[in-house]
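A.B. asks: For reference, the structure I am asking about is given below.
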Amino acid sequence: MSTEISEDLARAAIAGWYGRLAGNPCTQRNHWQTKTMYYRAVAELLAARPDRPLTWKTIVGATRPRGCRSTFYEVAGQHARHGMVGDLIADGSLRSHEIAMRYGRPGPVEQLIDETKVWSFWPYRQRFVEVATGQGENADPVPAELRDALLAWARVNPALAAANAYRPPACAVEDLALLHGGRLAATRAESRLTDALRHGQPV
């Protein structure tokens with residue numbers, strides 16, 4: 001991987017959001033631990049019953065060791081603490097603004113699903129970052145390294161991947177746009193990755 005690509009991916013807004021929260025060494029009042037309890041509940045509910053619509057009540061009921069309405073809305077509401085979309089808006093770049101517009105959900109459950117996708121995809125994203133080589137030979141490709149990471153994640157988490165109309169993890173959208181050096185709009189990146197998830201084939 002080139003140094004330039006490595007630095008671009010490391011500076012990505014969602015990578016900063018994830019690293020800041022997940023890297024918090026404080027064990028007391030650690031908001032990331034609270035978030036991951038709800039992410040895990042969402043992933044488990046979708047895996048067990050992909051045909052059953054999620055509600056805040058079903059998510060709270062499945063959250064372990066203990067979920068409650070107040071912490072649910074701290075994690076996934078219009079006034080959620082440390083939300084991914086808020087960090088995208090604060091980043092201020094056009095790319096981040098485009099992603100925030102696409103992932104700024106009015107409903108907290110959909111918002112939580114989108115953040116759960118990023119949390120679940122993150123180990124795959126980290127492996128992709130280690131081998132990323134940038135834009136391929138075609139004008140507008142999804143680079144093989146990113147496509148392979150996305151589809152590997154989707155095979156393990158098919159219901160989560162399909163949730164929210166196959167919307168890809170927001171970090172994958174940001175990474176694809178970054179790999180194209182500003183020549184691929186985030187909305188187009190999202191569309192290409194959604195197609196890859198829907199069809200499970202190279203695009």
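A.B. asks: Taking the alpha-carbon centroid of each part, what is the distance from the stretch 139-172 to the stretch 19-68 in angstrom?
C.D. replies: Going from one Cα centre to the other spans 21 Å.
A.B. asks: Determine ³J(HN,Hα), in whole Hz, for all residues of the stretch 115-123 in sequence, where each value follows from phi through the Karplus function 6.51 cos²θ - 1.76 cosθ + 1.60 and θ = phi - 60°; x replaces Gly and Pro.
C.D. replies: 5, 4, 4, 5, 4, 5, 7, 3, x
A.B. asks: Can you compute the modelled spin-label distance between Glu7 and Arg127, with each label point 7 Å from Cα toward Cβ, in nm?
C.D. replies: Going by the 7 Å Cα→Cβ label model, 2.9 nm.
A.B. asks: Hey, another quick one. Suppose R0 equals 25 Å. What FRET efficiency, 1/(1 + (r/R0)^6) with r the Cβ-Cβ distance, do Arg49 and Tyr166 give to the nearest 0.05?
C.D. replies: Details: r = 18 Å, r/R0 = 0.73.
Result of the calculation: an efficiency of 0.85.
A.B. asks: A further question follows. Go through the stretch 78-89 residue by residue and turn each phi into a ³J(HN,Hα) via Karplus (6.51, -1.76, 1.60, θ = phi - 60°); whole Hz please, and just put x for glycine and proline.
C.D. replies: 4, 10, 4, 7, 6, x, 4, 5, x, 5, 5, 5
A.B. asks: Mind pulling the angle between the C-alpha long axis of helix 94-103 and the longest principal axis of the chain? Nearest 10 degrees, somewhere in 0 to 90.
C.D. replies: Once rounded, the angle reads 40 degrees.
A.B. asks: With each run of n ≥ 4 DSSP H residues scored as -39500 (n - 2.57), what mean residue ellipticity at 222 nm is computed for the chain after dividing by its residue count and rounding to the nearest 500 deg cm²/dmol? Walk me through the numbers before you get to the answer.
C.D. replies: Numbers: 12 runs with 138 residues, N = 203.
The helix contribution divided over the chain gives -21000 deg cm²/dmol.
A.B. asks: How large is the direction-averaged shadow of the alpha-carbon convex hull of the chain, in nm²? Intermediate results must be reported in sequence, preceding the final value.
C.D. replies: Numbers: hull surface 43.8 nm².
Result: 10.9 nm².
A.B. asks: Let me check something: with ligands and nucleic acids excluded, how do Met101, Met84, Met37 order by accessible area (1.4 Å probe), largest to smallest?
C.D. replies: Details: Met101 130, Met84 5, Met37 40 Å².
Largest accessible area first, the list is Met101, Met37, Met84.
A.B. asks: What are the ³J(HN,Hα) values, in whole Hz, obtained from phi via the Karplus relation 6.51 cos²θ - 1.76 cosθ + 1.60 with θ = phi - 60°, for each residue of the stretch 49-62 in sequence order, with x given for Gly and Pro?
C.D. replies: Per-residue couplings from phi come out as 9, x, 8, 9, x, 8, 10, 4, 5, 5, 5, 4, x, 8 Hz.
A.B. asks: In the stretch 170-203, which trypsin sites (Lys or Arg not before Pro) fall in coil by DSSP and have 11 or fewer other Cβ atoms within 10 Å? Don't skip to the answer; put the middle values down first.
C.D. replies: Values: sites: Arg183, Arg188, Arg192, Arg198; in loops: Arg183.
Qualifying residues, ordered by number: Arg183.
A.B. asks: Here's something else I'd like to know. Compute the length gained on full extension between Arg183 and Arg20: take 0.36 nm times their separation in residues and subtract their Cα-Cα distance, giving the result in nm to one decimal. Walk me through the numbers before you get to the answer.
C.D. replies: Details: separation 163, 0.36 × 163 = 58.68 nm, distance 2.81 nm.
Computed gain between Arg183 and Arg20 is 55.9 nm.
A.B. asks: Between Lys57 and His82, how high is the FRET efficiency from 1/(1 + (r/R0)^6) when r is the Cβ-Cβ distance and R₀ = 22 Å? Nearest 0.05. Intermediate results must be reported in sequence, preceding the final value.
C.D. replies: Values: r = 23 Å, r/R0 = 1.06.
Using R0 = 22 Å, I get an efficiency of 0.40.
The values are calculated or read from the model by the stated rules, or taken from the named source; none is laboratory data. None of these values were measured; they are calculated from a predicted model. When we count neighbours, we look across all protein chains shown, and the Cβ atoms used for this are built from the backbone with ideal geometry, even at glycine. We work out accessible area using only protein heavy atoms, side chains counted, and drop any ligands, DNA or RNA first. Shrake-Rupley method; radii C 1.70, N 1.55, O 1.52, S 1.80 Å.
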